[in-house]
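Since the structure comes first, as structure tokens, the remarks are kept for the end.
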Amino acid sequence: MDIRNLTKEEREELKAQLEAEEKAEKARVENEREEYKRLVDASVRSAVGKLQKLSDEMMRVKREVFEEFDTLIRMKNELFRVKLDRKTDTFTTGDGVMSVTLGSRTNEGWDDTVEAGIAKVKEYLGTLAKDDNSAALVETVMGLLAKDRKGALKANKVLELERLAVKSQDQGFLDGIGIIKAAYRPVPTCQFISVETKDEKGNATSLPLSLAAM
């Protein structure tokens, strides 16, 4: 169609038609967007309701399992004279097919005096002779003093440092390690339960107990 061949009235009619179609399209898009928002609202409310019930049920079962095993943990401590400061307890059926592990997770934590201990250890390192053996020791100790991405020392590395300090018999080194150990402030984060089962071939499978693992 060549609009140049249209009369003024025809061009105005065509313009009005195009404007009406454009207006109708905008209304259609707006209505669909509003419908989408209503669907999102309904879906979110439905999902949250279902997941809240699941969360409540999981919390209830978790609490029940810990309560059920609490007596067994106390009996285990008394009968086998095991250490009370361990972080996990594992119980396995007699046939070895099922096992349940209960425990607690902690984040490494240190108070501000840890820096004084680190400074004393580094002071000791500065007194070492500059030979190959001492250089290797310095490198080892500095590696154990390295902090993780959260800026904290790892407790297991401090234990390795303590063994080196005892071996060195240097009072400054020992004092520094003592300050670091005294500054340890672990922060409990959560209690956990893990379950493992084995099939007839002995292959172990972990029971998924989180949405991410399912």
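Determine the alpha carbon to alpha carbon distance for each of Lys150/Lys181; Lys62/Lys157; Lys76/Lys167; Lys50/Lys198; Lys122/Lys154 and list only those over 27 Å.
Pairs exceeding the cut-off: Lys62/Lys157; Lys76/Lys167; Lys50/Lys198.
With the crude spin-label approximation of a point 7 Å out along Cα→Cβ, what separation in nm comes out for Phe192 versus Ala204?
1.4 nm
For the stretch 92-108, in order, what is each residue's ³J(HN,Hα) by Karplus, 6.51 cos²θ - 1.76 cosθ + 1.60 with θ = phi - 60°, in whole Hz (x at glycine and Pro)?
10, 5, x, 7, x, 7, 10, 9, 10, 10, 10, x, 9, 9, 9, 9, 5
Return the lysines within reach of Lys23: Cα separation strictly under 16 angstrom, same-chain partners fewer than 8 residues apart disregarded; answer none if there are no such residues.
The reachable lysines, counting only those whose Cα sits under 16 Å from Lys23, are Lys15.
Which of these values of Cα extents along the principal axes in Å was calculated from the structure shown: (1) 60, 46, 36; (2) 48, 40, 32; (3) 107, 56, 37?
This structure yields the entry labelled (3).
For Lys147 and Gln17 in the same chain, what is the full-extension length gain: residue separation times 0.36 nm, less their Cα-Cα distance, in nm?
Between Lys147 and Gln17, full extension yields an extra 39.7 nm.
Would you be so kind as to identify all helices of the chain, as entire DSSP H runs, whose Cα atoms reach 15 Å or more along the helix's own axis and whose mean Kyte-Doolittle hydropathy is at least 0.5?
132-144, 171-182
Okay, helix-only estimate at 222 nm for the chain: each DSSP H run of n ≥ 4 adds -39500 (n - 2.57), divide by all residues, round to 500 deg cm²/dmol; what do you get?
Computed mean residue ellipticity for the chain: -20500 deg cm²/dmol.
Would you mind getting me the FRET efficiency between Ala27 and Leu6? Use the beta-carbon distance for r and R0 = 25 Å, nearest 0.05.
That pair, Ala27 with Leu6, gives E of 0.40.
What is the distance in Å between the Cα centres of the stretch 22-36 and the stretch 162-199?
63 Å
Laboratory data are not the source of any read-out in this text; all were calculated from the coordinates shown. These numbers come from a predicted model, not from an experiment. Positions of Cβ are backbone-derived with ideal geometry, glycine not excepted, and every protein chain shown enters the neighbour counts.
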